[in-house]
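Since the structure comes first, as structure tokens, the remarks are kept for the end.
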Amino acid sequence: MADIVVDTKGLACPMPIVKAKKAMDGMQSGQTMEVLSTDKGSLNDFTAWVKQTGNELVSHEVENGVYKFLVKKLSGVRSEH
């Protein structure tokens, strides 16, 4: 279970990443965030964003057109990219 859930369903790129970044900024190291998105490009976007920020994409799945990403904030990582 994630520490925080960010619902970006219905929002187009880049808003899911913008909202996820904002939520990540307020999180502590080791906490997890679940992001829900209906944007078809979000899989590529989140994969790239997690690599850029040095956080961990724990899992992702698609269910009924909703993409679910579980991201873990790693210690000493700044998510300002």
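The values are calculated or read from the model by the stated rules, or taken from the named source; none is laboratory data. Note that the coordinates shown come from a computational prediction; the quantities given were computed from them, not determined experimentally. Just so you know, the surface numbers come from the protein's heavy atoms only, side chains and all, with ligands and any DNA or RNA stripped out. Shrake-Rupley method; radii C 1.70, N 1.55, O 1.52, S 1.80 Å.
A full extension of the chain between Ile4 and Ser59 corresponds to an added length of 18.3 nm, given 0.36 nm per residue minus the alpha carbon distance.
Per residue, the accessible area of the chain comes to 59 Å² when a 1.4 Å probe rolls over the protein heavy atoms.
Can you give the angle from 0 to 90° between the axis of helix 15-25 and the longest principal axis of the chain, with both taken from C-alpha atoms, to the nearest 10? Here the helix axis deviates by roughly 20 degrees.
Which whole-number percentage describes the relative contact order of the chain, with Cα contacts under 8 Å and a sequence gap of 6 or more? Rounded, it is 34 percent for the chain. Kindly express, to the nearest 10 degrees and within the range 0 to 90, the angle between helix 42-53's C-alpha long axis and the longest C-alpha principal axis of the chain. Value to nearest ten degrees: 10. The share of accessible area on the chain that comes from carbon and sulfur is 51 percent, using a 1.4 angstrom probe.
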